[in-house]
Amino acid sequence: MGIDDSAILQSITPSQLTAIARQSLQRDSFQIQDWHVSQLGGGAGNPVSVGLYRFAGVGQDHQGPANWSAILKIIQSPANVGWVNMGDGDDQTHWNYWRRELLLYQSDFLETLPEGMVAPRCYGAAELPGNFALLWLEDVSDSYGNGWPLERYALTARHLGRLNGM
């Protein structure tokens, strides 16, 4: 973990997690009882990505106990780590503009994706002081486990081609 992401992770409160878990499960009275966090990736390569974390736990409401999980993506301006001309400014057309994903989730564009494509649901998006942003996203998994068959890659390529054609 980098210097700034550990402070961000420590600042997350149980009430924030409860709100995320309620959205994830679509259960308004759900109360988390316990949770843990694990790092999935980030912090290497593109300076925009600070880290990717899975928050998971258990809780319950009048419907009974349930497991929940959500993904936290932490992004930043590349200027935070000394990179210039890497999407750190206000140029939204820059290929690496650091706020692009945040703005995408705050817009309604993802509701217009072509048939066969769905983005992970966003449970919350927030900018923090110091040119950081948090994206709380749906924890998505597929039925393929550790590897896709060739046919799945072909279908994915068709979907991305259709998206780029839009």
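Counted by Cβ distance under 15 Å from TRP95, the other residues give a net charge of -2, where Lys and Arg count +1 and Asp and Glu count -1. Calculate the FRET efficiency for LEU155 and HIS36 from the Cβ-Cβ distance with a Förster distance of 25 Å, rounded to the nearest 0.05. Result of the calculation: an efficiency of 0.15. Of the listed values (i) 50, 33, 28; (ii) 50, 41, 31; (iii) 46, 38, 37, grab the one calculated as Cα extents along the principal axes in Å from the structure here. Only one option fits the structure, namely (ii).
Can you tally the net charge around ASP28? Count Lys and Arg as +1, Asp and Glu as -1, for every other residue whose Cβ sits under 15 Å from the Cβ of ASP28.
+1
Secondary-structure-derived ellipticity at 222 nm for the chain, considering helices only, amounts to -8000 deg cm²/dmol, per-run term -39500 (n - 2.57) for DSSP H runs with n ≥ 4. Between ASN96 and LEU9, the FRET efficiency estimated from the beta carbon spacing at R0 = 22 angstrom works out to 0.35. When peptides 148-154, 132-138, 15-21, 105-111 are sorted by average Cβ neighbour count within 10 Å, with the highest value leading, the order is 132-138, 15-21, 105-111, 148-154.
Averaging the sequence gap over all C-alpha pairs within less than 8 Å and six or more residues apart, then dividing by the number of residues, gives region 56-166 a relative contact order of 25 percent.
Throughout, read-outs are computed from the coordinates displayed, never taken from laboratory work. Since we're looking at a predicted model, the values are computed, not measured. Glycine gets a Cβ as well: all are built from the backbone with ideal geometry, and neighbour counts include every protein chain shown.
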